[in-house]
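Here is the structure we will look at.
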């Protein structure tokens with residue numbers, strides 16, 4: 001009986017420590033975000049569309065049709081996609097706020113060095 005109780009508490013302790021570790025110590029950006037798989041499609045669908053941040057429109061002088069353009073403007077992009085829905089500077093202009101997962105991907109990509117991967 002004592003052995004079974006001991007095993008139960010050991011397993012419970014490991015489980016609680018694992019949960020605490022996952023919630024407290026795990027970084028928000030545990031994996032490297034791929035520019036070509038996550039960031040470029042996000043930008044292509046929401047930012048570098050015709051008349052916005054493309055080669056002809058370049059709203060605000062920002063062209064996001066290349067990796068370099070996105071990399072060089074990453075801080076600006078992050079600041080405007082994180083705004084609240086009611087803010088007039090919210091991007092994409094006239095559209096709904098991007099999904100939190102998309103914003104998180106962009107943030108992680110930026111935090112990991114804005115890799116061209």
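The values are calculated or read from the model by the stated rules, or taken from the named source; none is laboratory data. None of the values given here were measured: they were computed from a predicted structure. With ideal geometry, Cβ positions are generated from the backbone for all residues, glycine too; neighbour counts draw on all protein chains shown.
The rows are residues; the columns are (1) in a loop (DSSP other than H, G, I, E, B); (2) in contact with a helix residue (DSSP H, G or I) (Cβ under 8 Å, 6 or more places away or on another chain).
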| residue | (1), (2) |
| --- | --- |
| 44 | no, no |
| 63 | yes, yes |
| 71 | no, no |
| 79 | no, no |
| 91 | yes, yes |
| 94 | yes, no |
| 108 | no, no |
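I'd like the full set of residues that are in a loop (DSSP other than H, G, I, E, B) and buried (at least 19 other Cβ atoms within 10 Å of the Cβ), limited to the stretch 96-106.
The initial filter retains those residues of the stretch 96-106 that are in a loop (DSSP other than H, G, I, E, B), namely 96-99.
Result: 98, single match.
Restricting the first member to the stretch 100-117 and to residues that are farther than 17 Å from residue 68 by Cα, and the second to residues that are modelled with pLDDT of 95 or more and in a helix (DSSP H, G or I), the beta-carbon pairs closer than 6 Å and six or more apart or on different chains are 102/42; 105/38. The residue that is modelled with the lowest pLDDT, counting only those in the stretch 1-42 that are part of a loop (DSSP other than H, G, I, E, B) and more than 22 Å from residue 106 (Cβ to Cβ), is 25.
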